[in-house]
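Q: Can you keep this structure in mind? I'll have questions shortly.
What follows draws every value from the coordinates through simple rules; no lab data is involved. Just so we're clear, the structure is a prediction, and the values are computed from it rather than from any experiment. Here Cβ is always computed from backbone atoms with ideal geometry, including for glycine, and neighbour counts include all displayed protein chains.
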Amino acid sequence: MKEEEKKESRFFFILKIIRIVVAIGLAVMALVWLTEDKVGLMWNLTINITAWLIAGAEIGYQMLKGIFREKEFFSEATLMTLATIAAFCLRFFGPDQNNFFDAVILIVLYQIGELLQDIATDKSREAIVNAAALRASVAHRILESGIEDVDPQTLSLGDHIEIRVGETIPADGVVLSGSGAVDLSSLTGESDPQPIEEQGTVYSGTKLVAGSLIVSVSKSYEDSTVSKIIKLIEEGAESKAKGHRFVDKFAKYYTPIVFGVAILLCVIPPLFLGIHEKEVWGQWLFIGISALIIACPCAIVISIPLAYFSSLGAASKRGILIKGANLLDRLAELKTVAMDKTGTLTKGEFSVISVKPVGIERNFLLELASAAESRSNHPLALGIQKEMISFERDAISDYAEVPGKGITLAYQKKPLIIGRQEFIAEHGFDVESATEPGSALYVCYDGSYVGNIVLSDKIKEETKEFVSRLNSYNIQPVLLSGDNGANVAAAASEAGIGEYRGALLPGDKLEEIKRLRDTQGPVAFMGDGINDAPSIALADVGVGMGAMGSDLTIDAADVVIMDDNPEKVADSISIAKRCRRRIIFDIVAALVVKVAVVLMAIFIPNFPLFVAVAADTGLTLILIGITVTLLWQKPRK
């Protein structure tokens, strides 16, 4: 939220408090000081109507806008407005009923509930992230003439900055010199400091707790980790309207039911208890209007959005960024979690384990592979780059990468092809499969097959526990990978995944996701590479790995795991399911109390409405207190 928006929000918050205080003061004055004669009654009515307009005129405006502009006849605003008008009408049943006081108190208590929601929501947002703490206030830029303190937003790519112990890191970068320990809790949710040395990567928003570093800035401020975190958080916080969709849907059915019950209470009993007796009609008209007032869903419309916000906060504290409150509903409904292998379930850090040249020297095969993979950020390419030997950069031309398949280029003016066996076959080369377990890259140069290079990856330590937790939630894990069948089968077996598919292109993964959705229900997909972005976008819930994932993948994802720990996906599902259970509890509790109070209004003569309103407000406070504890929940293992 921008500073101007914060100031505006604070102004309207204070204004609402002032309006509530003034409305209460007017209502109490009318109740205590004015007489019940004709003149006094008119002043009483005028002052209470004024108090009602001061406290809740916007509720009536929302009702009218919904009816005439949005064609929404049954909404929360409609129920609140008509209930308070009905409370004014109760005065026609005698001076002992309310003196118009209940109507004002009803709208005041509703607005107090809204204020409590705003306060709790702001606390949830603060728990999600303290943007001021994430953003470094200063960066120490190194110049030939010395060190100057600058705004981190003015840093450029390649700038050298000094980071001192205790400081928040102002920009993403690579360590040029120095060593120390970095607190990554703002990024991953884990408080254990991690060691950092030369050539290590540091992320903005984290804190250097030991040592000192000289860092080369690798990303502009707009593209930095801290900017992306804050942007995602603001998008999630601004999704309050999405979270309200459940409330709106509930009100769409709840409101007409309430009106129907109220009308039936006014009409049906007198038909059997005394159709010609005015007193009977008056009694049941009073009961019907009372039921309409009691039915105002204050507790529900406050506690449900708060449950969403608190759950978003709990997720973010663990390094899980969920881009909208509505996604909690989708996470709670998942039946299948499909996932990529490399970089998602595995560490994504490939190492060369075998180099087999055919007709050329080993070093020249590595030179060709180094030239071909020098411009790619695919995990296999990064593995080759770790073994990179010198090559002629100026000798590369006609470079083209086919995602998920391989690379074609010209090197020293001769055609060079590197990639999967199927990709090589598409270009007319029939080669034997590599015998070593792992991911093989086949190389063809100047019209001949010249060898293969095999790289190997390892399963992450958290993968097995993640799969076990999915099974405990009755969610089916499925492995979908572009790697060859043997490698995928081995990884699936090690992770404990029963269903898997290998040798899939990006389009094949899309078809698999559609199949899983059609046969099993809502499906999530986890990935980190550019080729995973279409699948992440198609899935009901797309999960991107934030540390190693490409920018395109993270942008397409609904949920971002900041430290690439797959077990955090199970955490997000656990948080979502607990949010769903709390919402159901809040609804059931509110409805039970309301039904009980309506029954008391029916069977207890002259039942005081302020007791019903107070009971509803008390329930609202209790549900707020219970629901906000979701903010500190720990996911179920």
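Q: Each residue of segment 538-544 in order: what ³J(HN,Hα) in whole Hz does its phi give by Karplus 6.51 cos²θ - 1.76 cosθ + 1.60, θ = phi - 60°, with x for Gly and Pro?
A: Calculated HN-Hα couplings, in order: 6, 4, 4, 9, x, 10, x Hz.
Q: Continuing with this model, one more query. Using amide H atoms built 1.01 Å from N in the peptide plane, name the residues 5+ places from Asp483, or on other chains, whose amide H lies under 5 Å from its own.
A: Long-range HN contacts for Asp483: Ala503, Leu504.
Q: For Ile196, what residues show an amide H to amide H distance below 5 Å, using hydrogens built from the backbone and excluding near sequence neighbours?
A: HN-HN under 5 Å from Ile196: Gly180, Ala181, Val182.
Q: Which Rg and Dmax, in Å, describe the Cα atoms of segment 351-456?
A: 12.1, 35
Q: Can you list the residues, at least 5 places off or on another chain, whose amide H is less than 5 Å from the amide H of Asp558, using H built in the peptide plane?
A: Amide H neighbours of Asp558, under 5 Å, 5+ apart: Gly542, Val543, Gly544.
Q: Kindly write out, for segment 285-294 in residue order, the coupling ³J(HN,Hα) from the Karplus curve 6.51 cos²θ - 1.76 cosθ + 1.60 (θ = phi - 60°), rounded to whole Hz, with x marking Gly and Pro.
A: Those phi angles translate into 5, 4, 5, x, 5, 4, 4, 4, 5, 5 Hz.
Q: Let me ask you something else. Modelled label-to-label distance, Leu15 and Cys89, 7 Å Cα→beta-carbon offset: nm?
A: 3.2 nm
Q: Would any residue of segment 146-167 have its amide N under 13 Å from a label point 7 Å out along Cα→Cβ of Ile214? List them or say none.
A: So the set is 146-147, 160-163.
Q: Here are some pairs, Lys347/Lys386; Lys347/Lys568; Lys458/Lys634; which of them have Cα atoms lying more than 18 Å apart in this structure?
A: The pairs that break the limit, which is 18 Å between Cα atoms, are Lys458/Lys634.
Q: Kindly write out, for segment 504-517 in residue order, the coupling ³J(HN,Hα) from the Karplus curve 6.51 cos²θ - 1.76 cosθ + 1.60 (θ = phi - 60°), rounded to whole Hz, with x marking Gly and Pro.
A: Values, residue by residue: 9, 7, x, x, 5, 5, 4, 5, 5, 5, 4, 5, 5, 5 Hz.
Q: In nm, to one decimal, how far is the modelled label at Leu505 from the one at Ala537, with both set 7 Å along Cα→Cβ?
A: Distance between label points: 1.8 nm.
Q: On to the next question. Fully extended, how many nm does the chain gain between Val358 and Ile622 (0.36 nm per residue separation, minus their Cα-Cα distance)? Could you put the intermediate results ahead of the total?
A: On the way: separation 264, 0.36 × 264 = 95.04 nm, distance 7.48 nm.
The span from Val358 to Ile622 would gain 87.6 nm if fully extended.
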